[in-house]
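To keep things clear, I will list the structure first and then write my remarks on it.
The values are calculated or read from the model by the stated rules, or taken from the named source; none is laboratory data. Source: prediction; values computed, not measured. Here the Cβ positions follow ideal geometry from the backbone for every residue, glycine too, while neighbour counts run over all protein chains shown.
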Amino acid sequence: MYLRVEDGIVREASFESFGCALCRASASLLTEVVRGLDWQSVRELSKAVEAMATKADINASSVCQGELLALGGVHPFPARIPCVLLPWRTVLEAFDPKPSC
């Protein structure tokens, strides 16, 4: 994941991936929707995608609109959930890294 952030706003987003089709599709959708968002909005959207993918959370659809709703279709396939969430979790780590040991 590549993000160009200026004044706290994501101005550009792109990615490179050698992962599965679900991971690439999720990353592609992410790069489209995060442009123009601030960190808090990106974080909220990431959490909504995770809730939708892991729990089929209907309330997440109020945050996730359009093509992002397709990511919720992974819910019945637990082995594929990490594929969808990897790009979103990567972006969260970029904004809020955990200290290393």
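Set side by side, the residues S41, S28 differ, and just one is part of a helix (DSSP H, G or I), at pLDDT 85 or above and under 17 Å from M1 (Cα atoms), which is S28.
Say we look at region 18-54 and pick out the residues that are among the charged types (D, E, K, R) and within 18 Å of G72 (Cβ to Cβ); which of these is surrounded by the most Cβ atoms within 10 Å (Cβ to Cβ)?
E50
Being at pLDDT 85 or above, farther than 23 Å from R4 by Cα and not in a helix (DSSP H, G or I): is that true of P82 here? When the stated conditions are applied, P82 does not pass them. Condition first: at pLDDT 90 or above and assigned to a helix (DSSP H, G or I). Can you find one or more residues in region 63-79 that meet it? Yes, that holds for at least one residue.
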